[in-house]
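Report on the following structure.
The values are calculated or read from the model by the stated rules, or taken from the named source; none is laboratory data. The structure presented is a predicted model; accordingly, all values stated were derived computationally and were not measured. Ideal geometry is used to build each Cβ from the backbone, glycine not excepted, and the neighbour counts take in all protein chains shown. Heavy atoms of the whole protein, side chains included, go into the accessibility calculation; ligands, DNA and RNA do not. Shrake-Rupley method; radii C 1.70, N 1.55, O 1.52, S 1.80 Å.
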There are 2 protein chains.
Amino acid sequence: MRALELVRSGTEADLLVTLFGRCRVTYEGRAASTLGPGDRLVVLKPDGTALVHANEGHQPVNWQPPGSTHAGRLADGELVIESTRESPAERLLVRFEALGHAAAFDPTDPNELALSGTEADLRDRILKSPSLIEDGFEPRATERQTSAGAVDVYGEDADGRAVVLELKRRRAGPDAVSQLNRYVDALDRERHADATVRGILVAPSVTDRAHRLLAERGLEFVSLAPPDSSE
Amino acid sequence: MRALELVRSGTEADLLVTLFGRCRVTYEGRAASTLGPGDRLVVLKPDGTALVHANEGHQPVNWQPPGSTHAGRLADGELVIESTRESPAERLLVRFEALGHAAAFDPTDPNELALSGTEADLRDRILKSPSLIEDGFEPRATERQTSAGAVDVYGEDADGRAVVLELKRRRAGPDAVSQLNRYVDALDRERHADATVRGILVAPSVTDRAHRLLAERGLEFVSLAPPDSSE
DNA sequence: CTATATATGTCGTTA
DNA sequence: TAACGACGTATATAG
């Protein structure tokens with residue numbers, strides 16, 4: 001079978017292999033799933049990634065993470081792709097009952113994605129212009145460690161009070177407030193100073209629930225978004 | 001150009017279109033990105049999804065969500081795929097300087113994925129055998145609403161005290177504890193009863209930090225995993 | 001390896 | 001539509 005040869009030689013030669021056809025899929029590992037017959041696109045990458053894409057959705061209906069091992073074989077005359085990995089033990093089986101297409105490509109890709117508008121960009125914006133938070137704010141550290149984890153930005157306000165910033169690149173919800181709250185609690189406990197630590201959530205906006213939570217916990221909010229790519 | 005025709009007729013006819021070749025990609029929307037020349041697989045789905053897959057990783061290096069609109073055109077003799085959506089406004093541009101392959105398929109897929117080992121399965125396991133939590137535990141409601149959101153499982157212990165369960169299908173971290181804490185706080189405030197609400201995190205295991213957080217907040221932990229698919 | 005938090009997260013469900 | 005939380009999340013980074 002030509003497709004089987006393609007899968008074998010393709011994975012062997014570190015090619016990107018694509019298959020399209022009618023197949024069933026079973027998965028067992030962190031969870032377990034079965035998928036009845038249907039037409040899907042299967043992609044096998046040289047890094048061990050396997051993707052099964054149906055006709056809808058951004059996400060693959062089934063997959064195997066990078067580092068997996070792909071193998072092709074025939075069972076009752078049908079092409080079967082088996083992708084496995086250990087730690088955690090996971091196995092993906094794709095059984096084709098009809099194959100419309102099979103191809104292999106040499107994917108040389110020297111360039112990396114350049115992305116802007118991330119939380120890191122928001123942080124850099126604040127470090128460059130601390131007054132965006134408030135007059136007199138002075139950043140002292142990023143990723144400052146606490147017993148509750150690393151704080152996005154740590155600094156002092158105009159009165160010398162300790163300030164913790166938690167940054168979100170988009171509208172923030174209750175989880176962001178809880179996160180900030182954990183850091184403030186931890187620092188309050190560790191610093192055993194007179195003044196309590198101020199906690200400020202920095203995001204373009206917050207949800208109602210998050211806003212209430214901030215108030216309950218005595219935390220603050222500053223509206224700020226990552227810079228446009230043009231800035 | 002044959003590939004252009006394929007893209008146009010394929011998207012028109014609700015086919016799944018795949019392209020492989022050397023391309024550059026730019027994206028602007030919730031964030032912004034550029035990607036220099038390299039060999040990638042582009043997938044256009046009939047639901048408006050666009051995927052750009054490089055040779056590595058489970059995730060597409062660039063994409064456009066379902067509901068987007070794809071268009072193909074020629075610019076200086078090169079095939080350009082443009083995928084846009086509104087709300088939020090986002091635009092993906094893929095410009096091929098070399099095309100190795102183009103194909104279109106009719107993806108009929110009547111079957112849905114059947115998945116087990118989820119949080120819902122863990123919840124059902126508890127509802128069927130409440131003593132897995134502790135002797136005398138009695139579930140009263142799932143998705144019980146509070147001012148902080150819906151609680152996974154709400155019930156009473158042997159002494160008639162209110163109990164909130166927060167379920168996680170896998171090892172739980174600090175965020176899960178914060179979530180549980182929010183629900184317990186909300187119920188304590190709403191119920192204005194004498195006895196405080198008990199909060200129990202139910203997961204296969206917890207991280208050290210999560211364990212400490214539970215102790216600080218007076219919350220509890222019960223080790224329990226979703227059932228095997230065989231169970 | 002694990003732990004932690006981000007993500008153009010996506011996706012489903014519900015108000 | 002927005003909000004909220006789950007996801008086989010994946011991914012990067014620090015320890």
- request: Just need a number here: residues in the range A:35-50 that are within 7 Å of another protein chain (Cβ to nearest Cβ), under 18 Å from B:Lys45 (Cα atoms) and open to solvent by less than 10 Å² (accessible area, probe 1.4 Å).
  value: 4
- request: Write out, first by first residue and then by second, each pair whose Cβ atoms fall under 8 Å of each other, whose residues are 6+ apart or on separate chains, and whose first residue, in the range B:85-106, is within 11 Å of chain A (Cβ to nearest Cβ) while the second is open to solvent by 40 Å² or more (accessible area, probe 1.4 Å) and within 16 Å of DNA strand D (Cβ to nearest atom).
  value: B:Pro88/B:Arg30
- prompt: of a type in the set (Gly, Ala, Ser) and under 28 Å from the mean Cα position of the chain (by Cα): does that describe A:Gly160?
  reply: no
- request: Taking the options B:Asp194, B:Asp228, B:Asp175, name whichever one is under 26 Å from B:Leu115 (Cβ atoms) and assigned to a loop (DSSP other than H, G, I, E, B).
  value: B:Asp228
- request: Name every residue in the range B:191-229 that is surrounded by fewer than 13 Cβ atoms within 10 Å (Cβ to Cβ) and in contact with a strand residue (DSSP E or B) (Cβ under 9 Å, 6 or more places away or on another chain), in order of residue number.
  value: B:Ala193, B:Ala195, B:Gly218, B:Ser223, B:Asp228
query: If you take the residues of the range A:51-81 that are among the aliphatic types (A, V, I, L, M) and within 22 Å of the chain's Cα centre (by Cα), which of them is farthest from the other protein chains (Cβ to nearest Cβ)?
result: A:Val52
message: Restricting to the range A:132-171, and then to whatever is within 14 Å of chain B (Cβ to nearest Cβ) and basic (Lys, Arg), can you tell me which residue is farthest from DNA strand C (Cβ to nearest atom)?
response: A:Arg171
statement: When the range A:212-228 is checked residue by residue, the ones that are under 22 Å from A:Ala148 (Cα atoms) and either within 16 Å of DNA strand D (Cβ to nearest atom) or touching a Phe, Trp or Tyr at 6+ places or on another chain (Cβ under 8 Å) (or both) are A:Leu213, A:Leu214, A:Ala215, A:Glu216, A:Arg217, A:Leu219, A:Phe221
query: For the subset of the range A:102-117 comprising residues that are of a type in the set (S, T, N, Q) and surrounded by 14 or more Cβ atoms within 10 Å (Cβ to Cβ), which member is farthest from DNA strand C (Cβ to nearest atom)?
result: A:Asn111
